[in-house]
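Enquirer: Okay, handing you the structure first.
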Amino acid sequence: MTATTLPPVVVRMHPADNVAIVANEGGLPAGTRLPDGGPVLVDTVPQGHKVALDDLAEGDAVRRYGVVIGRAARALRAGAWVHERLLHMPEARTLDGLPVATVRSRPSPPLEGYTFEGYRNPDGSVGTRNLLAITQTVQCVAGVVEHAVQRIRAELLPRYPHVDGVVALEHSYGCGVAIDAPDAGIPIRTVRHLSLNPNFGGEVMVVSLGCEKLQPERLLPPGSIPLADSRGAASAGDRAGVGFDLVRLQDGQHVGFQSMVESILATADRHLQRLDARRRETVPASELVVGVQCGGSDAFSGVTANPAVGVATDLLVRAGATVMFSENTEVRDAIDQLTARAATPEVAAAIVRELAWTDAYLARGGVDRSANTTPGNKAGGLSNIVEKAMGSIVKSGGAPIAHVLPPGDKLRREQRGLVFAATPASDFICGTLQMAAGMNLHVFTTGRGTPYGLAAVPVVKVATRTELARRWHDLMDLNAGVIADGQASVEQVGWQLFHLLLETASGRRTWAETWRLHNALTLFNPAPVT
Ligand code: CA
């Protein structure tokens, strides 16, 4: 159907808003009368773009989500297309005098009785997949490991039907870096915590080169691996009392490439035997650790998909689960909402600490948070980072923010509820850091469309528009565009997502898993390289 066959539909997010979003596929032509006594369009307005609902004088505040997203660059008539060149962006709010833990909403009743089928790990965490991971200390070994992984898939995995796959934790770090720089702690602990993701069953095997800066004992110092109890599977010799098996390519025992590969296969085989003995069991929904993210956003992200994710986030938190939201530059302009929603003054202080760090990091590079927006965001109707941020933050729902996690850190078991995991907004870096934090399930919303995926954690992708869900029918797992089409409410799609997450956690494949689509693990290294 085209815009001319459907009645005009605009979406206003807040009663105080003086702009609304055109929802019709193909946009609306000039001369269209907007519904509910709205103005007649002065310009042709593309889908997802803003239309002025009132006359605006130059310098007037333009409000969306009840928040000032900019000031009119010149006088605009009601019915005008308000695009990014007509908006002056407001300054970022200073980090002083923020409201602290002021939101005292009544706690929502717990949601009981929801479960999924997961893999219980020795440390008490739960996996949604049963994967063998091969940790690497340095990029130098990546080619050898990849060769070994192909042979593991072809020769070993057929013998272990209860193992879902093998994942090489390839990364670009490990040598040629200023490893003692203060910020080097971020990439190092990220690699450490990636290897401890709950989807790897507590099995850690490491491939090292030998001469690299990031030595295995620095990557995984004693005590960093929560050792299992009585499993007693590996001999003390194998795991050398440190909780992981190590293959070092430069060791004298390796004569030629083939012998390195044989060492990796032999080690992998022992781990696969243990992984293959595991079975899914019924566990409460509270064992989910969900990371939410958006990428390739358009103006519908903040109207359909992200609000539906917000509903699912609230449901998960009520069920006792953990939900992480992230993307520092996309929450910066909503920092007063976040500090107000902090459960305690300490949590509010930690939010300010992380975002002040990001401000300084960006300033060091000569930019600010406005460096975030992309050409696709703007073509999709998002004028600036303030507007994008207001649409991004709704993924976090309405629960109090219970914890703040610095980049690369791993959540402790007792850190439940809604968590602000401070990360850059880059899809790959954010996903990698949420995975290091212990994520066992990932939700990703997109408006422009992205085939994003991770090898080790299922990614449920939610489309913001029906047109995208139709066109990318074998990539999008859920269509939130039905909200803009008037066919379902935000609450209904939120519940639908909640159920889909429980099914996915229990083993239902996502489209990205079906096609084996996954992006590279991408470390956040703010420290110098040498
Ligand atoms: Ca993102």
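Enquirer: Just give me the residues in segment 66-79 being surrounded by fewer than 21 Cβ atoms within 10 Å (Cβ to Cβ) and part of a loop (DSSP other than H, G, I, E, B), in sequence order.
Expert: Result: 66, 73, 74, 75, 77, 78.
Enquirer: Name the pairs: first residue in segment 337-352 and of a type in the set (Lys, Arg), second residue modelled with pLDDT of 95 or more and buried (at least 19 other Cβ atoms within 10 Å of the Cβ), Cβ to Cβ under 6 Å, at least 6 apart or on different chains?
Expert: What qualifies is 341/401.
Enquirer: Follow-up. Determine whether segment 324-333 contains at least one residue that is more than 18 Å from residue 440 (Cα to Cα), surrounded by 19 or more Cβ atoms within 10 Å (Cβ to Cβ), within 16 Å of the ligand (Cβ to nearest atom) and of a type in the set (Val, Ile, Thr). Don't jump to the end; show me each part of the working.
Expert: Residues of segment 324-333 more than 18 Å from residue 440 (Cα to Cα): 327-333.
Of the ones still in play, those that are also surrounded by 19 or more Cβ atoms within 10 Å (Cβ to Cβ) are 327-333.
Now restrict to residues that are within 16 Å of the ligand (Cβ to nearest atom): 327-333.
Then keep just the ones that are of a type in the set (Val, Ile, Thr); that gives 329, 331.
Within segment 324-333, one or more residues are more than 18 Å from residue 440 (Cα to Cα), surrounded by 19 or more Cβ atoms within 10 Å (Cβ to Cβ), within 16 Å of the ligand (Cβ to nearest atom) and of a type in the set (Val, Ile, Thr).
Enquirer: How about segment 278-294: which of its residues are part of a strand (DSSP E or B), of a type outside the set (D, E, K, R) and under 23 Å from residue 162 (Cα atoms)?
Expert: Residues satisfying the conditions are 282, 283, 284, 289.
Enquirer: Next question, about the same structure. Of the residues that make up segment 303-316, is at least one over 20 Å from residue 519 (Cβ atoms) and not in a helix (DSSP H, G or I)?
Expert: No, the conditions are met nowhere in segment 303-316.
Enquirer: Can you name the condition, by its number, that residue 58 falls short on among (1) part of a loop (DSSP other than H, G, I, E, B); (2) out of contact with any Asp or Glu (no Cβ under 6 Å at 6 or more places or on another chain); (3) touching a residue at least 40 places away in the same chain (Cβ under 8 Å)?
Expert: Only one criterion is unmet by residue 58, namely (3).
Enquirer: In the list 290, 309, 283, which residue meets the criterion of being surrounded by fewer than 23 Cβ atoms within 10 Å (Cβ to Cβ) and either at pLDDT 95 or above or within 16 Å of the ligand (Cβ to nearest atom) (or both)? If you could, list the steps in order and put the result at the bottom.
Expert: Working: 290 fails: surrounded by fewer than 23 Cβ atoms within 10 Å (Cβ to Cβ); 309 fails: surrounded by fewer than 23 Cβ atoms within 10 Å (Cβ to Cβ).
Just one listed residue meets the conditions, 283.
Enquirer: Taking interchain pairs and intrachain pairs at least six residues apart, which have beta carbon atoms under 7 angstrom, with the first residue in segment 415-432 and among the acidic types (Asp, Glu) and the second near the ligand (Cβ under 8 Å from one of its atoms) and in a loop (DSSP other than H, G, I, E, B)?
Expert: Close Cβ pairs satisfying both conditions: 427/295.
Enquirer: Identify all residues within segment 30-59 that are buried (at least 17 other Cβ atoms within 10 Å of the Cβ) and under 36 Å from the mean Cα position of the chain (by Cα); write none if there are none.
Expert: 45, 46, 47, 48, 49, 50, 51, 52, 53
Enquirer: What pairs come up if the first residue lies in segment 291-319 and is touching a residue at least 12 places away in the same chain (Cβ under 8 Å), the second is away from the ligand (no atom under 16 Å from the Cβ) and of a type in the set (Asp, Glu), and their beta carbons are under 6 Å apart, counting only those six or more places apart or on different chains?
Expert: Every condition considered, the pairs that remain are 311/491.
Enquirer: Right, next: For segment 436-458, give me each residue that is surrounded by 24 or more Cβ atoms within 10 Å (Cβ to Cβ) and within 13 Å of the ligand (Cβ to nearest atom).
Expert: If the condition is that a residue be surrounded by 24 or more Cβ atoms within 10 Å (Cβ to Cβ) and within 13 Å of the ligand (Cβ to nearest atom), then 442, 443, 444, 445, 446, 447 are the ones that fit.
Enquirer: Just for segment 334-358: of the residues that are in contact with a Pro (Cβ under 8 Å, 6 or more places away or on another chain) and either of a type in the set (Asp, Glu) or not in a helix (DSSP H, G or I) (or both), which one is nearest to the ligand (Cβ to nearest atom)?
Expert: 354
Enquirer: Mind checking which residues of segment 410-435 are of a type in the set (D, E, K, R) and either part of a helix (DSSP H, G or I) or within 16 Å of the ligand (Cβ to nearest atom) (or both)?
Expert: 427
Enquirer: Could you tell me which of the residues 245, 251, 276, 229 is more than 23 Å from residue 507 (Cα to Cα), out of contact with any strand residue (DSSP E or B) (no Cβ under 9 Å at 6 or more places or on another chain) and modelled with pLDDT of 95 or more?
Expert: 251
Enquirer: Looking at segment 14-27 only, could you name the residues that are over 17 Å from residue 382 (Cα atoms) and either of a type in the set (Gly, Ala, Ser) or not in a loop (DSSP other than H, G, I, E, B) (or both)?
Expert: If the condition is that a residue be over 17 Å from residue 382 (Cα atoms) and either of a type in the set (Gly, Ala, Ser) or not in a loop (DSSP other than H, G, I, E, B) (or both), then 16 is the only one that fits.
Enquirer: Restricting attention to segment 127-173, report how many residues are free of Cβ contacts under 8 Å to residues at least 40 places away in the same chain and in contact with a Pro (Cβ under 7 Å, 6 or more places away or on another chain).
Expert: 0
Enquirer: Consider residue 392 against the criteria (1) at pLDDT 95 or above; (2) crowded, with 24+ Cβ neighbours inside 10 Å; (3) under 15 Å from the mean Cα position of the chain (by Cα); (4) within 16 Å of the ligand (Cβ to nearest atom): it satisfies all of them except one. Which criterion is unmet?
Expert: (1)
Enquirer: How many residues does segment 317-331 hold that are of a type in the set (Val, Ile, Thr), over 13 Å from residue 371 (Cα atoms) and not in a loop (DSSP other than H, G, I, E, B)?
Expert: Adding up the residues that qualify gives 3.
The values are calculated or read from the model by the stated rules, or taken from the named source; none is laboratory data. Treat the numbers as computed from the prediction; the structure is a model and nothing was measured. Methodologically, a virtual Cβ is constructed for each residue, glycine included, from the backbone with ideal geometry; neighbour enumeration extends over all protein chains shown.
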